[in-house]
Amino acid sequence: MKRLASVVGSHQDRLPLQSEAKGLVFDVLSFAVHDGPGCRTLVFLKGCPLECRWCSNPEGQRPYPELMHSNTRCERCHKCLQACPFCAISVDEEGSLSISRDICLRNGCLQQTSVPCVQACNTGAMTVVGTCMTVGQLLDRMERERKFWRRSGGVTLSGGEPMYQPQFAVAFLEGCHQRYIHTAIETCGHVAWEYYEQALAHLDWVFYDLKLMDAEKHRQYTGLSNNLILANLERLAEEQQARGTPRVIVRIPLIPGYNDATDNIQQIGAFLAELGLNEVNMLPFHRLGASKYERLGMVCECQDLLPPTTDSLKDVQRELERHALKVYTGSRTPF
Amino acid sequence: MAVTTHRVCGDCQSYTPVDCFKGYCHENGGNEVVFLDAGACDSFQAAGKCKYCAHYQEVKPFMGHCDFVGDHVFSEKLAWTCSGFRQA
Amino acid sequence: MTDSLLPQELQYNRFGDYDSGEIALREFEGEPSSDRTKELRKQFWDAKIALDIEFPYYYTVKWKSKEIRGLPRPLRRALALRHAFSNLTSVIRPGELLVMQKTRFARGAAPQVQFSEKNIWSAASKEVDADDLGASFDRVTILGRHGGNVPEDVGNVISVGRKFGIRKEDLPVLTWLCEYWDGRSAEDSALELERRVFGSYYELDMKIFQTVLASAPSITTNPDGRVTLDYRLPLELGIQGMMDYCQSRIAEQSIGKLDSEAIEKRIFWHAEIEVLEGLKAWVKNYAKEAERLGQIEESLEQKTEYEEIADILYWVSENTPRNFREALQLVWIWHLAVHMELVISGLSPGRLGQTLYPYFREDRDKGKLDRDKALELLECMRIKFSEIEICGGGGLHGKLSGNAFNNISVGGLKPDGTSAENELEELIIESAMTMATPSPTITVIYDPKLSERFMLKAVECVKTGTGYPAWVNNRVAMEFLLSQHGSDGMSLEEARSWGVAGCIEIAPAGSAFCVACRGFYSLEKLVELVLWDGVDPRTNIRVLPPPSRMETWDDFWEVFKQYLTETLTVWNAAENLNWVSHKQNITGLVLSALTRNCLETGADLDAGGAAYNATWASPVVAAVNAANSLASVKKLVFEEHAISMNELKEALRANFGRKSAIETERYSVFEQVKTESAWDDMLAMCQDAPKFGNDDPYVDQIYKNIVEYYTSVVRNISNFFGKPMAPLMLSVSSHGPLGQACLATPDGRLAGVTLADASVSAHPGTDLKGPYALLNSALCFDHSAFVNTQLNMKIHPRAIEGVQGAKKLLELIEAYMANGGYHIQFNIVDSRMLKDAQDHPEHYRNLLVRVAGFTEYWVEIGKPIQDEIIARTEYEKAG
């Protein structure tokens, strides 16, 4: 149900710049200050191979546009219900809206520029997340952002998993470099290496997520094993040693009860030290994304989870530092 | 004739105002916060106000005439810079 | 935080608990550096705002006295001022290092009835005088009820204007004063003159106020302002020296050549001497009081302090200062004196860090002043500045929200073009962090030559969340100054020496004729007039004749321009007319002594004595709302024909089926209460129409057209001295009352909701594309044509955490400036804190926020402005 092969794209050889290549973007965020050097703009691409239980950008998981419905903004006027040509919306006993999202998907309704239920909604409670754009359009948008980056800023590609749309991502990164725009990427690692290879030619920084060293636990908590992720990180580290670029910073989202156990941290530390990667940005779990789950009609497994305590953060930091790693906690980064 | 009123802290020589409700009392060289309308203590000494002056003649409530300056004055006026003040 | 630039005594709030449910605190919170200043701050917080009738009483008694009432201007005024200054009661409070105050009360103002008595009388008697023009503005003004405000009568204290307390025994005096000045005040004589010689324009002018197309004319509230002072003469000559100077100029005059011009100068110099005598007596009286207190004080430490104060005051009552403390004291005396002789907002010390630097440097180099002591003195100065209150009717307070807009500028360049930053300026910034009070506000004059270290220190101050410093662009300012005053001979060195006046206005340093401005003109109300063919829909008053045609967008735009031209021209011309009364009755004589070249030339400000006499028109407010409204009309009515003009007007009248904000007391775009659904679709269309602040050329072009047209109109209006007026855009907090006077508007704004603040800030909640898009919109026109432009941004504390966060905020500022932006300022706060503070003001006595060009205590701000600030889009880190 989740993954549509046509959107993902097939394995292909290196692609020349295609300004008409299309991609699904779900957000563009200005004045991002902890996602690379300088003041940056974050571009979020929709679609991800993983389904992490703690995901704070759930709207980025699926590779197609989705409806988001806000109960707080909803006036229960039911205009959306009436406007829907496919009867995908109904009302439950309490009067709350219920959306059969598989109907929306099946009918390709959300790919259109004007979506009936969104048009009918007067309060902005019903919105679509995920807009189709060409590389050219996105680059033009970046040029508008650019005057605020000064000399040290740039673009950070994120998501979802940006490399889940490899043609688009690579074309965009290439376009950035052609315009002397500094590039960074935030990636989960579960990507065919040949796509990374193409992207690396146009990448200055890589933020690489590493959550769990145990393959079974990784599958249990994210939906997929970590073999590819670990293998890719090794090759990335080699690339960095060989060419001196890109700068690789490993991102560890710290999720209490899921990946904060000492043995996991120890193993991560040892693994990274072995690869010669020495920068880690630890991201304590937070629940700022909680309302998005509700709006997507999804359940967040971690909604009652509390963020890590100061002490546990210190413990993890100490453990990692034992492996001669430089640890940046949260937004306390040196860039 | 001077207007005799109930003795409150705000009419005392030792009083320095902060706002319309309160001020400082310098009695005994200290700096205690007191309320303007609070009943005065035994150390009360009338401040140099027109209402306590022999030259003052009330014309209507809180307003009057002064023989010394020969002009309009008001009862709460402080005779700070007046050389003619004479306790009634 | 170990790589902070701040000393250890500043406290840091920790971000250890990453629980998103917690309200995020600001990253830094300062504490006063000594017990003394902590205590002084506590006194300040505990003080209620009071009205003191002493100054106007003595002024009036002398003014009407037989010997002088026949004398010409400005001599009669000078004598009255002298009498007032000489007879004031001196009050010194324990622990003070800098002394002297405006009234007997810690936070006090005088009802300056010689300027305008009607709105003061309305406020005191709580009856509205039918002639009180401020009344219409007052009626729509809602004020804060906490902090130092006295919103209601309590015991023996009467509330005036819902803000000031006055003793009931003083009320008869106030009545007597108002009765005397009824018909004689500058306000009354100005309006009577206008009625007689303005012809039919007078009626149009009156309608402008009645409909609240603009706020009450400044001659009824505060005519003076937006100026920086030149302390050169007090510091280099001293009070006695200045008197001697005036005497020498008089002595130079040849008796055989006393023509009218020479006589006027002679009169002026005599007037100045009188005022100076008054100042001298005033200071000496304070010195005597310090002596007296020293005699009765028991504590040896306090006793010695009183004796020191007495010594300092006796000295500076006549002489030039011998050290930093005396220089600061003398500057304070003069600053205060201007505040007392005029009803003035925006009186700014300017580049104080430059003015006082030689004294500071000498004391430091000789080991006579250590850093802690200097910091303590500056903290005392901050308390002093914050004590200044201005009294006008409720309308004034809704506009000003209690702030006096005294602005100190740091940074910028020296006349020789090098960076002007210095140790004293750093301490001024630091005192703003340790002693966070609303006043004085601080502005950084950004220039690329400033060191990164200095600028990052200023950023750390921004992070305390007090809202200052604001940042302004030196290059844009210099371009404006040379364009505005170049033909009057302004040199490059003078342009470099400029200082920020008032909120953020570009002002020559201590050398300009100044006006506050006539009032605040609402462009959103103008849109309403166009929609309703010249009639104000709220009051049903016809302001202008109906247009001849309104069929296309071009017609609509033409009518907008035409209505704007007519009303703005009349309204600004009336300011000059009103100024005749200002000149006649209430000229700033202390201010003239502090403005180059009045004493040298022998003419006060109103007689053209300043070096630079070009000023500005009254500011327009809500250009953003007007642009949004016009965009809706253009797109929905004239291009897409989605709704007809009549349908739109019907929906506006019905407030889109919502209750009025005034009824619900919810003034932000959110939390509005619906009564019926018939207009939901139309409201959605209007709200979805293009909005300024999203880098959308459709509406940004309309905005540009509006402000450029406004500029062309005012450039064709002469000021009092025949110079073309310059365009000015700002709101202070008038966007509250002006919004309350508007119905629902085509931008999808509901009736009574507060308008957008400042000049390029988006209407709250409508900037949806992030901060860079907002900045791009703000940059759609040339800022250097304006006396100022103003942009407020709200940023969540976590978005700019740490040193890197600070550097990136600086980069944002620099990028905006490099691209031509003039001004930017920040509220660093979690919106949830503001909401909590609204519900529990008792826990947030010390919470400061930035309104629009000034910082104010949250609890003292009226709810309409509070709601607007909460609604402003907050930029925070991505999830």
Breaking point among (1) surrounded by 24 or more Cβ atoms within 10 Å (Cβ to Cβ); (2) farther than 30 Å from C:Thr595 by Cβ, for C:Trp498: (2)
Just one of B:Ala46, B:Ala38 is under 25 Å from C:Arg292 (Cα atoms), more than 11 Å from chain C (Cβ to nearest Cβ) and in contact with a Cys (Cβ under 6 Å, 6 or more places away or on another chain); which is it? B:Ala38
Being buried (at least 17 other Cβ atoms within 10 Å of the Cβ), of a type outside the set (Phe, Trp, Tyr) and assigned to a helix (DSSP H, G or I) is the requirement here; does C:Leu193 meet it? no
Right, C:Asp46: assigned by TED's automatic domain parsing to the domain that holds C:Lys163 and either modelled with pLDDT under 95 or farther than 24 Å from C:Leu605 by Cα (or both) or not? no
It is to be established whether one or more residues within segment C:785-794 are of a type in the set (D, E, K, R) and modelled with pLDDT of 70 or more. yes
The lone condition C:Gly278 fails out of (1) touching a helix residue (DSSP H, G or I) at 6+ places or on another chain (Cβ under 6 Å); (2) away from every other protein chain (no Cβ under 14 Å); (3) among the small types (Gly, Ala, Ser) is (2)
Top-ranked residue of segment C:289-342 - restricted to ones that are within 14 Å of another protein chain (Cβ to nearest Cβ) and outside any helix (DSSP H, G or I), ranked as surrounded by the fewest Cβ atoms within 10 Å (Cβ to Cβ): C:Glu298
Could you say which residue among C:Ala751, C:Ala758 is more than 14 Å from chain A (Cβ to nearest Cβ), in a loop (DSSP other than H, G, I, E, B), over 25 Å from C:Arg26 (Cα atoms) and under 28 Å from the mean Cα position of the chain (by Cα)? C:Ala751
Could you list, in sequence order, all residues of segment C:70-112 that are small (Gly, Ala, Ser), within 13 Å of chain B (Cβ to nearest Cβ) and either at negative phi or in a strand (DSSP E or B) (or both)? C:Ala84, C:Ser86, C:Ser90, C:Ala106, C:Gly108, C:Ala109
Output the qualifying pairs, or none if there are none: Cβ atoms under 7 angstrom, residues six or more apart or on different chains, first residue in segment A:267-286 and within 14 Å of another protein chain (Cβ to nearest Cβ), second residue part of a helix (DSSP H, G or I). A:Met282/A:Val316; A:Met282/A:Gln317; A:Pro284/A:Leu313
Members of segment C:384-428 found to be at pLDDT 95 or above and part of a loop (DSSP other than H, G, I, E, B), listed by number: C:Gly412, C:Lys414, C:Pro415, C:Asp416, C:Gly417, C:Thr418, C:Ala420, C:Glu421, C:Asn422
Filter segment B:59-88 for residues that are buried (at least 16 other Cβ atoms within 10 Å of the Cβ), at pLDDT 90 or above and over 14 Å from the mean Cα position of the chain (by Cα) and give the result. B:Gly64, B:Cys66, B:Phe68
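The rows are residues; the columns are (1) part of a strand (DSSP E or B); (2) not polar (S, T, N, Q).
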site	(1), (2)
B:Phe44	no, yes
B:Glu58	yes, yes
B:Val73	yes, yes
B:Ser83	no, no
Name every residue in segment C:644-689 that is within 15 Å of C:Asp747 (Cα to Cα), within 14 Å of chain A (Cβ to nearest Cβ) and in a loop (DSSP other than H, G, I, E, B), in order of residue number. C:Val669, C:Phe670, C:Trp679, C:Ala689
Checking C:Ile208, C:Ile239, C:Ile219 in turn, the sole residue that is in contact with a Lys or Arg (Cβ under 6 Å, 6 or more places away or on another chain) and either away from chain B (no Cβ under 14 Å) or of a type in the set (Phe, Trp, Tyr) (or both) turns out to be C:Ile239
Any chance segment A:221-228 includes a residue that's touching a Gly at 6+ places or on another chain (Cβ under 9 Å), in a helix (DSSP H, G or I) and closer than 28 Å to A:Glu301 by Cα? yes
If I filter segment B:24-31 for residues that are within 11 Å of chain C (Cβ to nearest Cβ), at pLDDT 90 or above and part of a loop (DSSP other than H, G, I, E, B), do I get at least one hit? no
Residues satisfying the stated conditions in segment C:34-69, i.e. more than 30 Å from C:Cys380 (Cα to Cα), in a helix (DSSP H, G or I) and in contact with a strand residue (DSSP E or B) (Cβ under 8 Å, 6 or more places away or on another chain): C:Val61
Take C:Glu236 and tell me if it is surrounded by fewer than 16 Cβ atoms within 10 Å (Cβ to Cβ) and in contact (Cβ under 8 Å) with a residue 12 or more places away in the chain. yes
For segment A:320-335, name all the residues that are away from chain C (no Cβ under 14 Å) and among the charged types (D, E, K, R). A:Glu321, A:Arg322, A:Lys326
Tell me, which strands (runs of 3 or more DSSP E) lie completely within segment A:106-189 with 1 or more residues that are surrounded by fewer than 20 Cβ atoms within 10 Å (Cβ to Cβ) and within 14 Å of chain C (Cβ to nearest Cβ)? A:126-129, A:131-134
Do you know which residues across segment C:557-601 are among the small types (Gly, Ala, Ser) and either in contact with a Lys or Arg (Cβ under 7 Å, 6 or more places away or on another chain) or part of a helix (DSSP H, G or I) (or both)? C:Ala573, C:Ala574, C:Ser581, C:Ser592, C:Ala593
Residue satisfying all of: in segment A:304-319; in a loop (DSSP other than H, G, I, E, B) and buried (at least 18 other Cβ atoms within 10 Å of the Cβ); farthest from the other protein chains (Cβ to nearest Cβ) among these: A:Pro308
Candidate set from segment C:151-183 (those that are more than 12 Å from every other protein chain (Cβ to nearest Cβ) and touching a residue at least 60 places away in the same chain (Cβ under 8 Å)); member that is nearest to B:Met63 (Cα to Cα): C:Cys178
So which residues in segment C:669-700 are touching a residue at least 40 places away in the same chain (Cβ under 8 Å) and either in contact with a Ser or Thr (Cβ under 6 Å, 6 or more places away or on another chain) or closer than 18 Å to C:Gln790 by Cα (or both)? C:Cys686, C:Ala689, C:Lys691, C:Phe692, C:Gly693, C:Asn694, C:Asp695, C:Asp700
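Listed here are the residues, each with its yes/no results for (1) at pLDDT 75 or above; (2) more than 28 Å from C:Phe44 (Cβ to Cβ); (3) within 14 Å of chain A (Cβ to nearest Cβ); (4) part of a helix (DSSP H, G or I).
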residue: C:Lys807; (1), (2), (3), (4): yes, yes, yes, yes
residue: C:Tyr816; (1), (2), (3), (4): yes, yes, yes, yes
residue: C:Phe826; (1), (2), (3), (4): yes, no, yes, no
residue: C:Arg845; (1), (2), (3), (4): no, no, no, no
residue: C:Gly853; (1), (2), (3), (4): no, no, no, no
residue: C:Ile870; (1), (2), (3), (4): yes, no, no, yes
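The values are calculated or read from the model by the stated rules, or taken from the named source; none is laboratory data. Given the structure is predicted, the values throughout are model-derived calculations rather than measurements. Please note: Cβ atoms are built from the backbone with ideal geometry, for glycine as well, and neighbour counts cover all protein chains shown.
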